[in-house]
Amino acid sequence: MAATSPDGPRPAPAAPNPVMRALRGDRSPGEFATAVRRAAREIGEHVSCDARYVGRVEAGEIRCPNYAYERVFRHMWPDRSLADLGFAPRTAARRRGSGAAPRLPVPESPPAEAVDDPHHRDEENDDVHRRTFLTGGSTALAAALGLDGESLPDAAAAVPARPVPALRRVGAAEAEGVERAVRDIRLLDDAHGADALFERAGQSLRHAYVLLNEGVYSAATERRLQAGAGELAISVGWLAHDSNRLADARSFYAEAVATARMAGDAGLEAHVFCNSAFLARDAGRPREALRAAQAGQAAARGLGSERLLALLALREAGGWAQLNDRAACERALSRAAGLFDRGPSEADPEWMSFFGEAELVGLEAQCWSALGEWELAADRAGRAIALQDPHFVRNRVLYTAELAHDRLGLGDPAGAAEQGSAAVVLLGEVRSARIRGMLAGTAGRLGAHRAVPEVADFLDAYADATGAA
């Protein structure tokens, strides 16, 4: 029986992992850690393996690796399961004492090895379970997505998984179903935002990987499934991003990068780097945003899409703006505008349907805002609102919230409040934690100006819309 303390049962002493020690062989812990990091790069994964981590694995302190390390280990030893590598089942590793620990929020960017620490395991280890990604049996794709013809609240409802017969032959119909799921998710996100779609889209992604990993199919179908699964991973990553689940989004994008590279799909790789750059900027990692945007441009150069290169240049500009390098930001913005002006082409990816002039000037507004150039930022945000297609409700709210922020930067609390009130009117149609966070920040800063009538009206409307005290 495990020993007890005033804080509850103490965990049993760690049992060494002789399998991993044997696999290290004559290499030093540092040399082995280097091999692990090299293997991670081969599949587009990011781990911070060092000699200390290797020592903890071999000592049994890490009973089960996190999902990032699991993918790396399975890449290094594809014929071995976690059990074959000497690790405990994931469910056992999560269990403490007689019951599970409470779930706690996931930090935005935990170190890659943090989830393996016994002090962090229960609150962070099962990120993929929280995303419903690759967590169990197959689900019929249409039932898992279940979005056609439904209202947004219904689309957010949970759908029980339906077991289907063991997969034998996968063909064009199944590949088309995955592709249709990607389109449906994008259309609903454009109209309503991410919060109501995240879990359901995760079910579709799980099913796509079941098809890919368990099906029997032709080479042509395999290419379609790989592309569809990668695009779904990007879509779910974006939904996680827009729902402020930034750590989850990063993990989904890592999965998409691995899929793109295994498939040799430059278009998919450019897409995921484009989204990764946006995520890194929002997470306050501008240098990572730059690297991702530049990697995306390298992947996209042979694809023939000037518009894709324009968007990637805008992502690069966002990184430079956060680094307060105005000259580099202006160069990237100029390059983006020149590429955009060359017009659309048949080579433009389907997923770029949102990227018109409104998005171009909206992203310019964000760059000028990051640089503290409030006049330029407000001008671009106002133009983005005027240019935006009514279908893209989420972006209309986003640009309006951006303009409220910029007017406040100009020292115009009344103007900021007027734009904030306009955003609140649309807020009921959009479920985006990221946009709600922007408005919350503006409302917080305007609290000191309640004596201004427009501000008081906005704060009251915002409180009514959000249930704020």
So which GluC sites (Glu not before Pro) in region 397-469 are both in a DSSP loop and have at most 15 other Cβ atoms within 10 Å of their Cβ?
Glu429
Once a ≥ b ≥ c are taken as the square roots of the eigenvalues of the Cα gyration tensor of region 246-361, is the result rounded (a/c under 1.5), prolate (a/b larger than b/c) or oblate (a/b not larger than b/c)?
oblate
Sites His75 and Asp50 - FRET efficiency at Förster radius 25 Å, r taken between beta-carbons, to 0.05
0.85
Ranked list, fewest to most other Cβ atoms within 10 Å of each Cβ, for Phe273, Phe392
Phe392, Phe273
Cα-Cα P(r), region 14-88, percent of pairs per 5 Å interval:
3, 17, 30, 30, 17, 2, 0
What are the ³J(HN,Hα) values, in whole Hz, obtained from phi via the Karplus relation 6.51 cos²θ - 1.76 cosθ + 1.60 with θ = phi - 60°, for each residue of region 356-366 in sequence order, with x given for Gly and Pro?
x, 5, 4, 5, 4, 6, x, 6, 4, 4, 5
Rounded, prolate or oblate for region 285-430? Axes are the square roots of the Cα gyration tensor eigenvalues, ordered a ≥ b ≥ c, and the cut-off for rounded is a/c under 1.5.
oblate
To make sure I understand, if each residue's beta carbon is the centre and we count other beta carbons within 10 Å, what order do Ser48, Ser235, Ser251, Ser369 fall in, fewest to most?
Ser48, Ser369, Ser251, Ser235
Rounded to 0.05, the calculated FRET efficiency for the beta carbons of Arg27 and Met262 at R₀ = 22 Å is 0.25
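Read the figures in this text as sums done on the coordinates, not as results from a lab. None of the values given here were measured: they were computed from a predicted structure. We place every Cβ from the backbone using ideal geometry, glycine too, and count neighbours over all the protein chains shown.
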